[in-house]
Amino acid sequence: MARRLSSRDIRTATNAPSVFGINPGLIVARPARESCCLCYALVPHGFYALVAKNGAEIDEPGSNSPVWSSGFHFVDCFSKVTHLVTRQFIVFDTPVQGCKTSDDVNVIINSSVVFRVMGDDRKGEDPKLVPKFVHDVTAAGLQQQLQDALSQEMRTLARSMKHTEVYACRSGLAAAQAQPVVAAMDRGSEEGEAVLKGEKMPLPPLVGAAKAIGGGDEDSDSEIGEAREPDEFDFVGFKGIDVTIEMKNKLNEQFKPQGVEIVDVIIQDITLPQEISVQMTNRSMVKSLQAFEKMTQQHQIQAIKLKNELDMETLNNQEDAEKFKAEKGKSNQVYKDQYDEQKEIRAREYNSYKKTTQVEQQKIAADMKEVTLRLRLEREQALQQLALEAEEQAVKITAEAAAKIQEMEAETELQVAQMNGEAQKALAAAELASNKHLAKKREFELTDKQLDIYNKLSMNPDLVVTASEDEKTNLMMMADSVLKSEQGKEGDGAMLANLNMLRLASNAYGLSSSVYIPSNDAAGAESAGAGGEAWGPYRR
């Protein structure tokens, strides 16, 4: 950002980038000749270059443009680069003091303008604007013109507004379009008179929040907002377009014919007198305090509503728990009856199968004995017959008898092994069937023990059942149970239960919970009841 626009002599054209980088306000540089014997010219990138021969500017060969392109050019020893004009954007800062608003308040407007020198033929601009700027406008002349033009525009803008509206002129905010005072008087229209008088245009009413957070229908008591007329601060936010756009267009009408394009006009800051700034700050603080109070009311309404919903939900959960407990008892009895019935059926089937298996086993054993006896008798008979015939054919019959005996023994052993295998299969099948029934029996015994445990728990008068996982809710129900059991008695358990109930009630109504409650390491454990659970007050 530059406060001053300038031009200067530099040693060579190749030093131009570093020189322009150090001096942000430098626009035109005049490089000296490097040597009289050099027959070339170097034009650095990012600059408009003017080349002169014997003091007279010449056009670039092959074109009618007085601006030479960047790069290496062959020239005679009488030619040189005379001027380098930057192509980059330049930010010129010029604060304007003593600007009076429509209500005669002096303000200081710190403004900046972003511009560049025109002459780029690639953008369709006339290259002849560059020598016109160098010789006619000059950097100092441009600085003076920009200061005068911006001062006039800023004073005109400030005069068309009140001091409460000038902050809306900063760049990037929606603000009023600048209206020249003289032009408004010449028009004589109603709009011009309204601008001079500082009157506000009609604006739609502002609608506040219709309901609180989590509200019900339109008729709910939680409605806290309603339509209202916009105040002075709201009016500023509704005004027209950004004033810098209008200023930029007006400045371009003045400076484009001179070869300068205004890219942007920036209003950085606006300074009011100290006492007026303090007053506006106080007004903003009051408005913020009102908004805070409104939000506090909304929060309180929401907290009360949520507490009522929590109480209703707790009551519904208790009713559902009791209903579920009753239905569960009925369903358990039905399941138990069904189980007893199935148990009797399975017992009868098991006894029947066991008797059938025993009968089959006995039958197989009797058959095996009968076959064995029969085979033994046949063997003895054959042996006797062979013994009688052995006298006649000793050698032949002895061999045949031995072979026959071996064959019959093998057949007998095979049949015995087959019978034993069938008996083992029957026993294995019987054991497999009995294992399934034994597993059912063990499962029934386990379920029966669980039901006995549930029955003993339900008969315990000090047992507290809750479906909530909230620590405060469970603590409240525990305290209520202790109070019922200690009703009409004076003891440490009843006193601690009362203290816990009071603390939970104070928390529910938004009171402070930083109250010291003594520990009940000894007395609280004794008054916890027959359920076997020790409890104590909640500690913060």
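The values are calculated or read from the model by the stated rules, or taken from the named source; none is laboratory data. None of these values were measured; they are calculated from a predicted model. FYI the Cβ positions are ideal-geometry reconstructions off the backbone, even for glycines, and counts take in every protein chain you see. Heavy atoms of the whole protein, side chains included, go into the accessibility calculation; ligands, DNA and RNA do not. Shrake-Rupley method; radii C 1.70, N 1.55, O 1.52, S 1.80 Å.
Would you mind counting up the charge near GLU360? Only other residues with Cβ under 12 Å from its Cβ, with Lys and Arg at +1 and Asp and Glu at -1.
Net of charged neighbours comes to +2.
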**Prompt:** So, by mean Cβ neighbours within 10 angstrom, what's the order for 88-95, 387-394, 46-53 with the highest one leading?
**Reply:** 46-53, 88-95, 387-394
**Prompt:** Taking the alpha-carbon centroid of each part, what is the distance from region 113-152 to region 30-109 in angstrom?
**Reply:** 11
**Request:** Step through the residues of region 314-327 one at a time and calculate ³J(HN,Hα) from phi using the Karplus curve (6.51 cos²θ - 1.76 cosθ + 1.60, θ = phi - 60°), rounding each to whole Hz and writing x for Gly and Pro.
**Result:** 4, 5, 5, 5, 5, 4, 5, 5, 5, 5, 5, 4, 5, 5
**Whole-percent carbon and sulfur share, accessible surface of region 376-436, 1.4 Å** = 55
**Item:** Backbone HN-Hα couplings from phi across region 301-307 [Karplus 6.51/-1.76/1.60, Hz, Gly and Pro as x]
**Value:** 4, 5, 4, 5, 5, 5, 5
**Request:** Would you mind getting me the FRET efficiency between ILE58 and THR14? Use the beta-carbon distance for r and R0 = 22 Å, nearest 0.05.
**Result:** 0.55
**Fill in**
For HIS299 the rounded accessible area (nearest 10 Å², probe 1.4 Å, non-protein molecules ignored) is 120
**Asked** Which FRET efficiency value, to the nearest 0.05, is calculated for PHE324 and ALA439 with the Förster distance at 45 angstrom and r the Cβ-Cβ distance?
**Response** 0.90
**Prompt:** Got a sec to turn the phi values of region 249-257 into Karplus ³J(HN,Hα) couplings, 6.51 cos²θ - 1.76 cosθ + 1.60 with θ = phi - 60°, whole Hz, x for Gly and Pro?
**Reply:** 5, 5, 5, 5, 4, 8, 9, 4, x
**Prompt:** Which FRET efficiency value, to the nearest 0.05, do you get for LYS404 and VAL359 by plugging their Cβ-Cβ distance into 1/(1 + (r/R0)^6) with R0 = 56 Å?
**Reply:** 0.90
**Asked** How big is the accessible area of TYR335 in square angstrom, nearest 10, if you roll a 1.4 angstrom probe over the protein chains?
**Response** 140
**Message:** Given points 7 Å out from each Cα along the Cα-Cβ axis, report the GLU413 to LYS472 separation in nanometres with one decimal.
**Reply:** 9.0
**Fill in**
Sorted by chain and number, the residues with a modelled amide H under 5 Å from that of MET118, at a separation of 5 or more or across chains, are VAL260, GLU261
